[in-house]
Amino acid sequence: MTLGKEIDGKAFAATLRGRIAETVPGFVEQTGRKPGLAVVLVGEDPASSVYVRSKGKATVEVGMNSLEFKRPATISQEELIELVEELNADDSVDGILVQLPLPDHLDDKAVIATIDPAKDVDGFHVVNAGKLAVGDPTALVPCTPLGCLMLLKDELGDLSGKEAVVIGRSNIVGKPMMQLLLAESCTVTVAHSRTHDLAGVVHRADIVVAAVGRPEMVKGSWIKPGAVVIDVGINRVPAEEEGKSKIVGDVATAEAINHVAAITPVPGGVGPMTIAVLLRNTLVAAHVRAGLPAPKGL
Ligand code: NAD
């Protein structure tokens, strides 16, 4: 049996970051300032701290300003909302990202609702979710699903008429992924925890996007021969070596590789796309806020 191809998300993301870095100087020339991304981190969660650090580094690398606002886990809802309002009013800030999850006493929906939709580079505000749903091209679209779509279009070109199955219905990945694929004229099915015969549903698909959070749940035999599979899952599991752990996706890649035309590996597939698209969204938001036409080729 021939092996399918691994989609190199790391390389694609590097190319996208390169195009962003080439576009930034033109923005600086026209506006006299750099685009700015503000990231708010509440508490000391180690994984969130790592994400925030790598976002800051990637932002600076493409020539944009990175502003980090670290606040203790004890911050009140009012104080956090006040910070977001200050960032809304700050003209040097084009993008605002509040790193989730927030500590339990904070209401993430209320915090996200406070972000100016024009600066909502995560695309989580209901205004942007609504714009995506009605096909308004000014929507800021959540980074991970937009990154998945870029990889799919790069692999397949025209997606029109393809049978797509998205596993997972979260607001962050599953639902926006469904909207994006529908906008590309795919026939979309959204599967979730209550779906009957998930294997049968997945077997119909030319395109599978797995965003569940269950290690290697999607088996190779479920995949229709020649399908393209995007594995969004990030799951930490014990490694073969005692005391060590490793990251695996939602798809049993070692089996699936024998069925697919192409699949994203974990790590190195979707993961690197998320930050690159965040930078893209920030640059787009900066152009729109400055009254400039959206940058081409991003
Ligand atoms: P979530 O927990 O909000 O949603 C999971 C979804 O999976 C739910 O809609 C649920 O209905 C569905 N589900 C649960 N069990 C199921 C089952 N047995 N069969 C079918 N569906 C089932 O998670 P999320 O935020 O959407 O993230 C999903 C995964 O993607 C996680 O592993 C997360 O770490 C990863 N993720 C990766 C990136 C990235 O940058 N690569 C970004 C966001 C999320």
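The numbers here are math on the coordinates, done by the rules we state, and not lab data. Keep in mind that this is a model prediction, so the values were computed, not measured. Backbone-built Cβ (ideal geometry, glycine too); neighbour counts: all protein chains shown.
Considering only ILE81, LEU16, VAL42, whose Cα is most displaced toward the positive end of the charge dipole of the range 1-118, charges sitting on Cβ of Lys, Arg (+1) and Asp, Glu (-1)?
Selected residue: LEU16.
Given a cut-off of under 8 Å on Cα pairs at least six residues apart, what relative contact order in percent is computed for the range 105-160?
So the answer I get is 24 percent.
If you plug each phi of the range 103-111 into the Karplus form 6.51 cos²θ - 1.76 cosθ + 1.60 with θ = phi - 60°, what whole-Hz ³J(HN,Hα) values come out, in order, with x for Gly and Pro?
x, 4, 6, 9, 9, 4, 4, 5, 5
State, as an integer percentage, the relative contact order of the chain based on alpha-carbon contacts under 8 Å between residues 6 or more apart.
22 percent
As I understand it, the value is the acute angle between the Cα axis of helix 271-289 and the longest principal axis of the Cα atoms of the chain; what does it come to in degrees, rounded to 10?
40 degrees
Which residues' amide hydrogens lie under 5 Å from the amide hydrogen of THR187, considering only partners 5 or more residues apart or on another chain, with H built in the peptide plane?
Here GLY161, LYS162, GLU163, ALA164 satisfy the definition.
Take every Cα pair under 8 Å in the range 93-199 that's 6+ residues apart, average their separations, divide by the length, and report that relative contact order as a whole percent.
RCO, the range 93-199: 20 percent.
How much of the DSSP beta bridge set in the range 142-298 is antiparallel, as a percent to the nearest 5?
Of those bridges, close to 20 percent are antiparallel.
Under 12 Å from the Cβ of LYS153, count the other residues' Cβ atoms, weight Lys and Arg +1, Asp and Glu -1, and hand me the total.
-3
Note the direction-averaged projected area, equal to a quarter of the hull surface, for the Cα convex hull of the chain, in nm².
Computed as one quarter of the Cα hull surface, the answer is 16.1 nm².
Can you return the lysines within cross-link range of LYS57? Criterion is Cα-Cα under 19 Å, with same-chain partners fewer than 8 residues away left out.
LYS10, LYS34, LYS70
Taking the convex hull of the Cα atoms, report for the range 175-296 its projected area averaged over all directions, in nm².
Spelled out: convex hull of the Cα atoms, projected over all directions, averaged, 9.9 nm².
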